[in-house]
Every structure is written in C-alpha cells, then in structure tokens.
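Here the structure is laid out as structure tokens; the discussion comes afterwards.
Please treat every number below as a calculation from the coordinates, not as lab data. Everything numeric here is computed off the predicted structure, so don't read it as measured data. Every residue, glycine among them, receives a Cβ derived from its backbone with ideal geometry; neighbour counts consider all protein chains shown.
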2 protein chains.
Amino acid sequence: MTQINENYLKLTGGYLFSEIARLVKTFREENPSANLVRLDIGDVTEPLAPAVIQAMHAAVDEMAVRSSFRGYGPEQGHGFLREAIAKNDYQSRGADIDASEIFISDGSKCDSGNILDIFGADNVVAVLDPVYPVYVDTNVMAGHTGPADAAGRYGGLVYLPVTAENNFVPDLPRQRVDLIYLCYPNNPTGVVASKEMLQRWVDYAHQNGSTILYDAAYEAYITDPSIPHSIFEIDGARDVAIEFRSFSKTAGFTGVRCAFTVIPKGLKGKTQDGREASIHSLWNRRHNTKFNGVSYPVQRGAEAIYSPEGRQQVRATIEIYLTNARLVREALKKLGIQAYGGVNAPYVWLKIPGSLSSWDFFNKLLREANVVGTPGSGFGACGEGYFRLSAFNSRANVEEAGKRLAKII
Amino acid sequence: MTQINENYLKLTGGYLFSEIARLVKTFREENPSANLVRLDIGDVTEPLAPAVIQAMHAAVDEMAVRSSFRGYGPEQGHGFLREAIAKNDYQSRGADIDASEIFISDGSKCDSGNILDIFGADNVVAVLDPVYPVYVDTNVMAGHTGPADAAGRYGGLVYLPVTAENNFVPDLPRQRVDLIYLCYPNNPTGVVASKEMLQRWVDYAHQNGSTILYDAAYEAYITDPSIPHSIFEIDGARDVAIEFRSFSKTAGFTGVRCAFTVIPKGLKGKTQDGREASIHSLWNRRHNTKFNGVSYPVQRGAEAIYSPEGRQQVRATIEIYLTNARLVREALKKLGIQAYGGVNAPYVWLKIPGSLSSWDFFNKLLREANVVGTPGSGFGACGEGYFRLSAFNSRANVEEAGKRLAKII
C-alpha cells in the first residue's frame with residue numbers, strides 16, 4: 001500500500017482554529033439559543049473598502065469581454081500590484097525592495113508553510129513560545145522535528161519563551177539556529193518589536209548565517225511611528241530575511257485571499273558542500289511549478305488600497321478594530337485582569353486570573369458568558385495561563401463581550 | 001548558512017512554460033513587428049460566461065455590506081460549491097462522491113504538486129512519458145528522484161512510454177509502483193482513456209496497493225459518450241484513486257483560479273510499520289494548516305457554471321475550442337502531417353515531419369511562421385519528434401496559424 005508521510009501523525013491535535021470551530025459548532029448544536037460573541041479567530045467583520053469593491057467590479061467586467069479578458073497571469077503576480085507594493089510599502093519607508101522581489105500569493109498561511117519546501121531538512125529551527133501554530137505544525141509535517149513531549153513541545157525545535165517575566169522579549173538563542181520565525185506585531189501576544197530589538201536579530205542572523213522568516217501580517221495596526229513596519233527597515237536585513245505580508249487584516253481580505261512574500265535577490269542559502277544558492281531563484285522555481293498566481297480581480301482589489309481613497313477607507317476600518325482593542329483592554333483593566341498588546345495590534349493577550357488553565361478559561365467563557373476566545377496554551381506551552389481576545393468584531397459585540405465578562409469574573 | 005533543499009538543483013531546466021514565455025519575450029524584443037500566433041500554453045482566450053460574471057458581481061456586492069460580508073471561509077471550500085460539484089459532476093454520472101470528499105482549491109497545478117506532502121518519501125512513482133511536467137518536477141523537488149540522465153529522465157521514477165508505436169496506450173508497469181499519475185483527456189497528447197483501459201489501471205492499483213493520481217482537468221472536452229469523465233465512474237476506484245479537476249479549461253478560469261481535488265473517505269495509505277491511515281484526513285489536515293480557502297467571489301463564479309444558463313454558456317465556449325482543434329487537425333492533415341488527439345481534447349499532438357528535433361521545429365515555427373507551439377521533448381524523452389498545438393485561441397488566429405504552417409512546411 002502507498003506510504004503516507006508519517007510526520008503528520010506526530011501532530012498532537014487538529015489545527016488550533018479548526019479545533020475551536022469544531023468545539024463552537026458542538027456548543028451551538030447543544031445550545032441553539034445562545035448568542036455567541038466570537039473574539040477568537042482573527043477574522044475581520046467590516047465590509048471591503050468601496051475602492052476595493054469598485055476595482056473588483058471593474059476587473060470582473062474586463063473578464064466579460066474578449067479584448068480585455070485575462071487568462072494566466074504571471075505566477076509571481078501582476079506587475080501593477082508588485083510595483084504598488086514595492087513603492088508604497090517599502091520604498092516610501094526607506095526600505096530598498098524592488099517589485100521583482102515581491103511574490104504575490106493567496107495567503108500568508110500558505111506562504112509561511114510552503115517556504116519550507118525550498119529549505120533543507122537539517123536546519124535548526126527556532127520559534128517563539130507562544131507562537132502562531134502554523135510555523136510549528138508545518139515544520140512537524142515536513143519532518144523537521146521529533147515527537148511532542150507532554151507539554152506539547154516537539155523535539156528538535158528551539159523554543160524561545162515570551163512571557164510576562166521577560167516582557168515578551170525573547171532572548172537570542174543560546175545555540176546556533178538556521179531559521180528563525182518572528183512575527184511583529186505579534187500573534188498571539190499583540191506586542192511589537194522596536195528597531196533595536198530587530199537589529200539584534202538581524203545582527204544575530206549575520207553572525208550565525210541564519211535566515212529570519214518575518215511575518216508582518218499585522219503591520220497596518222502599528223500607530224507608533226517609532227516602530228518598524230518591515231524587517232527591511234533594519235540595516236543588513238536584505239541579506240538575512242524573508243518577509244510575509246497579507247491583505248487579510250490590512251484590508252479585510254480574509255475571504256478574498258491575497259498576500260505576498262518578499263525575498264531580496266541577494267539572500268543566499270547553501271548546499272551541504274558549501275556552495276551558495278539564491279533563495280529568490282528557488283522560491284521563483286517553486287512558484288512557477290506549484291502555483292498559478294492569484295485571481296486577477298483579487299489583485300486589482302488589492303491594488304486599490306494604494307489609491308488615495310482606498311488608503312483612507314482601509315485606515316478607517318483599522319481604526320475601528322484598534323478602538324475595539326482599546327475597549328477590550330479597558331474592560332479587562334476594570335476587572336483587574338492584566339492585559340498586554342492591543343495598542344499597535346489587533347490582539348489582546350491576557351493573564352488568566354486565578355489558577356484556571358487556558359482551556360478551562362475557554363470553557364468558562366464559552367459556557368458562562370457565551371464569549372469565544374483562544375486559549376493561550378493552543379499557541380504553545382508558555383501560553384498556558386494566558387488567553388487571546390481578538391479585536392476583530394463589531395463595536396456592539398466588543399462592548400457586549402466586555403459586559404458579559406464583568407458578570408462572570 | 002541556512003541549508004537549501006538541494007533537490008531543486010537536480011531540475012534540468014526552468015519550468016517548461018516559463019522557459020517558453022522567456023524565449024517568446026526575447027523573440028518579441030528582437031522582432032517587435034512580428035505578429036505572433038500562440039498555440040503553446042493551454043491558456044483560454046474567450047471571456048467568462050455571463051452567468052459567471054453575474055455571480056461574481058453579486059458576490060463582490062455582498063462583500064461591500066457588513067451583513068453579507070464573508071471573512072474566512074472553510075479551508076475546504078464553501079458548501080454551496082462542494083455540493084454543486086458532487087451532484088453535477090459525480091452523482092449525475094453515477095459516481096458515488098459526497099460533497100465532503102471534495103476540496104476546493106486555487107488550482108490543479110497546486111494540488112497535483114502539493115499532494116506529495118502527505119505521501120511518504122519512499123514510494124515508487126510512475127508517470128507517462130511524455131507527461132505534464134509538474135508531476136515530474138514536483139517529485140524531483142520533493143527528493144523522490146535521483147539526478148536526470150542525458151535524455152532528461154530522473155533516476156528512480158518509472159516512465160511509461162506513450163508514442164504512436166503503442167497507440168499512446170501505456171503498458172502497465174512491469175514492477176510494482178505506489179503512485180501513478182494518469183491524465184485523461186491527456187496533456188500533451190490529447191488522447192482519451194476508455195472505460196476498459198481505466199478499469200485495468202484500477203485493477204492494477206487494487207492488486208498492487210497503489211494509488212492513482214487522476215488528472216481530469218480536460219474532462220469537459222469529452223464529446224464521445226462512451227468515454228468516462230472521472231476515474232470514479234470505474235468500479236473500485238474509490239479505494240485507490242484521487243482526482244484533480246479544474247475550472248480553468250472548463251470555464252475559462254485560468255486567470256480566476258478555482259479547482260478541486262476529490263479524495264474518497266475510504267482511501268487508505270499505510271505507515272512503515274503497516275498501520276492504515278486515511279488519506280482524506282491527512283489532506284484535510286494539510287488544507288487546514290497550509291491553505292485558507294478560495295476567494296469567495298471566485299467560488300460563487302464557479303458555482304454559476306452549474307446553473308442551466310451557465311452550463312449552456314460554458315458549453316458554447318468549449319465548442320469553439322473543439323472546433324479550433326478540428327481545424328488544426330484538418331490543416332495538419334492537408335499538409336500530410338500525422339496528428340493525434342484534438343477530438344475529445346483541446347490539444348493536438350503532431351509527429352514532426354522530417355528529422356527536426358522538437359526544439360528545432362519550435363524555432364522554425366517561431367522564426368519562419370511566427371507561430372508558437374510546445375516542443376514535445378519538453379514533456380519527456382518520448383515526446384522528442386512530437387509537437388503540441390493548443391486549440392485555445394480565437395478562430396481567426398487558428399485559421400491564420402494553419403495558413404502560415406502551409407507556407408513553411
């Protein structure tokens with residue numbers, strides 16, 4: 001019989017958010033009258049910007065006429081979008097990134113998983129703990145780890161704790177690592193990275209020949225002008241980093257699907273016998289062979305957020321979510337609950353009062369307040385005792401959640 | 001320095017169609033006045049069906065309003081589309097496939113490459129020769145092969161020749177194989193598989209514990225009612241097969257991006273120590289972790305082709321391409337060139353007259369007739385001496401290509 005990839009069997013549970021969806025579905029079936037407020041998965045709730053809607057309609061109309069119909073686009077994305085990104089997201093912030101270094105894709109989850117295709121199996125991989133589960137799960141699937149221990153930590157991965165004790169600033173790894181996943185503004189903790197902190201990581205990567213996989217999916221939530229939006233705002237990052245970005249949280253594209261990955265042309269990896277190889281060329285080959293580009297109307301929709309109107313409309317929606325985050329923080333503060341993040345980020349990370357575990361707190365909130373959040377331990381062993389609340393919901397629902405929490409805590 | 005996946009360095013060239021695009025671009029730069037007719041890549045040219053356009057507009061409008069806005073959909077696809085597919089493409093043809101066995105994706109190229117993620121590294125893999133290059137290249141990238149020999153054949157893969165000598169019907173492998181890629185209507189040869197032929201493969205797979213990866217991207221071009229559209233029309237196929245389907249050639253979605261993969265729930269693989277594992281569960285886990293579903297307006301567009309109007313409109317466009325294929329065949333016949341396929345398929349596979357190699361013929365057509373086709377050897381060693389012409393173009397361009405060929409052959 002055909003052999004399976006047994007590494008999948010090492011995974012200790014279902015994908016976190018699918019698991020929560022399953023639990024919520026069961027709860028709803030058992031409690032059909034319950035009016036749930038969902039602050040769990042980071043899914044946007046506000047409609048697309050009018051500029052995006054208009055651009056998508058126009059693109060759909062182009063597809064209705066032979067002379068303007070578009071078939072296969074370049075696998076790497078259409079030039080109009082790559083150029084808008086390079087100019088507006090990078091060059092305007094002093095980051096030296098060219099359109100040819102941008103690969104449009106249908107999601108950062110896909111890219112941050114698929115990127116492992118082009119790297120070797122023997123690299124030492126570091127992740128923060130807690131961490132976005134995709135980084136860990138995709139390494140498990142790719143066979144880069146041993147089995148999980150009782151705390152859910154997989155053998156072979158280097159975990160860098162981020163907790164209240166170290167102010168959520170990870171120490172540099174004590175051992176040499178090859179690949180480092182960093183995500184700022186951070187999911188799940190909502191904390192941000194200063195220029196100095198990122199410079200330390202870039203310097204570490206230079207000294208150790210490491211590659212940083214930098215997930216900036218939430219950069220649009222940064223309001224503090226001193227906080228970098230991109231790793232490529234840091235000196236020397238072009239030689240050591242890959243960046244993932246998404247339109248999901250920036251422009252409400254979670255159901256529309258558009259993201260991108262930036263790989264500088266000078267970024268190098270090596271073969272076992274020490275020859276250098278271009279990471280950009282490898283990813284380009286993967287993209288050509290295993291991907292067919294993003295839907296044309298979607299790329300036109302993404303382009304529209306760089307227009308003056310689009311920019312303003314998208315900003316207004318982000319402000320809604322940032323205000324939600326502030327309201328969540330304030331509600332928690334009133335209840336005497338210690339909370340982090342939620343200032344330059346759409347996530348609030350709270351310390352669970354008392355001695356409840358993350359999953360017990362999840363169940364308590366679900367059953368007693370009909371509020372859904374994400375248990376911190378779902379993001380890693382060091383997330384135990386913490387809980388994530390997302391600001392992605394309507395103002396009314398966020399306020400309702402605050403009231404319900406006040407009743408049960 | 002971070003190690004790369006060295007298997008990529010075994011690839012003997014760029015991805016075939018990217019290579020051709022590069023050559024055409026160079027030719028255009030050197031000959032700016034040349035009016036090229038492209039019959040190379042299988043890219044559609046006719047606009048989307050009005051029913052699809054209407055459905056996409058309606059879905060975009062839903063995204064403009066908070067109450068109908070959709071964020072993340074199920075990674076496996078929306079129920080409305082999975083159910084339309086199960087009913088119309090399978091159950092209506094007597095194939096016992098449930099909506100839950102259908103995984104919506106953004107492309108068959110992606111799926112047929114990504115499927116290797118869930119299989120083990122030691123499986124013996126068989127492909128036809130010539131073959132769609134993605135099957136081979138993705139196995140090379142995944143480390144399932146040795147390096148290529150002088151003819152471009154990778155060590156470890158089992159190649160099954162399909163040439164005029166065996167009427168393009170491959171022999172069953174002489175050795176046991178675990179994974180078999182089959183594509184019917186075939187790319188590149190345009191030939192189809194009878195029920196009896198597919199039954200032989202399903203029986204082989206049962207006897208040998210093999211899994212068939214069946215690519216039916218061109219099934220909509222089948223006009224002969226005796227030819228099966230799906231491997232699941234064959235007795236016993238549910239236990240041994242996965243099927244890839246795409247809206248690209250069915251409904252002109254090459255720039256819109258929607259496809260699906262069918263994995264029956266009973267399909268099993270095994271671990272090295274002989275335990276059985278569900279392939280459906282593994283792919284589901286992969287989909288949840290490394291994919292975020294297809295754009296909502298795109299899924300609504302795909303759904304629309306199953307409406308009575310959509311079905312009729314899509315059929316009319318397919319008839320245009322099928323008539324093109326007939327015209328190509330007839331033009332070749334007049335020139336005394338032996339041609340295959342192009343009856344239940346959008347591709348015509350021709351035997352190159354004289355002793356020119358496939359790439360020499362490519363260059364001759366490009367330079368002397370300004371017609372672009374695909375060299376047979378790009379699909380494998382047994383494609384040498386053959387050439388693929390695609391029917392995906394306007395009637396006028398196809399007729400023009402016929403006239404130009406007549407002048408130079």
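Of all alpha-carbon pairs in the range A:359-409, indicate the percentage at a distance above 16 angstrom.
Roughly 41 percent, rounded to a whole number.
Pairs to check: A:109/A:265; B:249/B:351; B:109/B:407; A:290/B:364; A:195/A:249. Give those whose C-alpha atoms are more than 27 Å from each other in this structure.
B:109/B:407; A:290/B:364
Translational D (Stokes-Einstein, µm²/s) of the range A:60-112 at 20 °C and 1.002 mPa s when Rh comes from the Kirkwood sum over C-alpha pairs?
168
Which of these, A:272, A:76, A:299, has the largest mean-square fluctuation under a Gaussian network model of chain A (Cα springs below 10 Å)?
Comparing A:272, A:76, A:299 in a Gaussian network model of chain A, the most mobile one is A:272.
Would you mind computing, in nm to one decimal, how far apart the modelled labels at residue B:394 and residue A:355 are, each placed 7 Å from Cα along Cα→Cβ?
Each label point lies 7 Å from its Cα, and together they span 7.9 nm.
Which distances, shortest first and in nm, link residue A:195 to the matching position in the other copies, using label points set 7 Å out along Cα to C-beta?
Reported distances to equivalent positions: 7.3 nm.
Using a 10 Å cut-off around each Cβ of peptide B:281-289, what is the average number of partner chain Cβ atoms that fall inside?
6
List, shortest first and in nm to one decimal, how far the label point of residue B:165 (7 Å from Cα along Cα→Cβ) is from its counterparts in the other copies.
7.1
Note down the relative contact order for chain B as a percent, whole number, built from C-alpha pairs under 8 angstrom at least six residues apart.
23
Mind putting a number on the dipole of the protein assembly as shown about its Cα centre? Charges go on the C-beta only, +1 for Lys and Arg and -1 for Asp and Glu, and I need it in Debye to the nearest 20.
Using Cβ point charges on Lys, Arg, Asp and Glu, the protein assembly as shown gives about 820 debye.
Working out 0.36 nm times the residue gap between residue A:34 and residue A:172, then minus their Cα-Cα distance, what length gain in nm do you get to one decimal?
45.1 nm
Over chain B, with a Gaussian network built from C-alpha contacts below 10 Å, which listed residue (B:32, B:185, B:170) shows the highest mean-square fluctuation?
B:32
In the neighborhood of residue B:182, defined by Cβ-to-Cβ distances under 12 Å, what is the net charge if each Lys or Arg adds +1 and each Asp or Glu adds -1?
Result for the local shell: -1.
Quickly work out the residue A:149-to-residue B:121 label distance, labels modelled 7 Å from Cα along the C-beta direction, and quote it in nm with one decimal.
According to this spin-label approximation, the distance is 2.5 nm.
Which order results if A:295, A:281 are arranged by neighbouring Cβ count within 10 Å, fewest first?
Lowest count first: A:281, A:295.
Taking each pair of distinct Cα atoms in chain A once, what is the resulting Kirkwood hydrodynamic radius in Å?
After inverting the pairwise mean of 1/r, the radius is 22.1 Å.
Among A:355, B:248, B:68, B:100, which comes first, then next, by fewest other beta-carbon atoms within 10 Å?
A:355, B:68, B:100, B:248
Starting from the 7 Å offset along Cα-to-Cβ, what nm value, one decimal, do you get for the label separation of residue B:207 and residue B:319?
Distance between the two pseudo-spin positions: 4.4 nm.
Return the percentage of antiparallel bridges among DSSP beta bridges fully within chain A, rounded to the nearest 5 %.
55
Using a Förster distance of 35 angstrom, determine the FRET efficiency expected from the C-beta separation of residue A:333 and residue A:309, and round it to 0.05.
0.45
Based on the alpha carbon coordinates of the protein assembly as shown, what radius of gyration and maximum Cα-Cα distance (Dmax) apply, in Å?
So, for the protein assembly as shown, Rg and Dmax equal 26.7, 87 Å respectively.
Quick one: grab the alpha carbon gyration tensor of the range B:297-409, order the square roots of its eigenvalues as a ≥ b ≥ c, and give me rounded if a/c is under 1.5, else prolate or oblate depending on whether a/b is larger than b/c.
prolate
Write down the percent of antiparallel bridges among all DSSP beta bridges whose residues are both part of the protein assembly as shown, to the nearest 5.
Taking every DSSP beta bridge with both residues in the protein assembly as shown, the antiparallel ones total about 55 percent.
Quick one: net charge of residue B:215's neighbours, Cβ under 13 Å, K/R +1, D/E -1?
After counting each charged neighbour, the total is 0.
Pick from B:302, B:241, B:142: which is most flexible by mean-square fluctuation in a GNM of chain B where alpha carbon atoms under 10 Å apart are linked?
For chain B, modelled as a Gaussian network with Cα springs under 10 Å, the answer is B:142.
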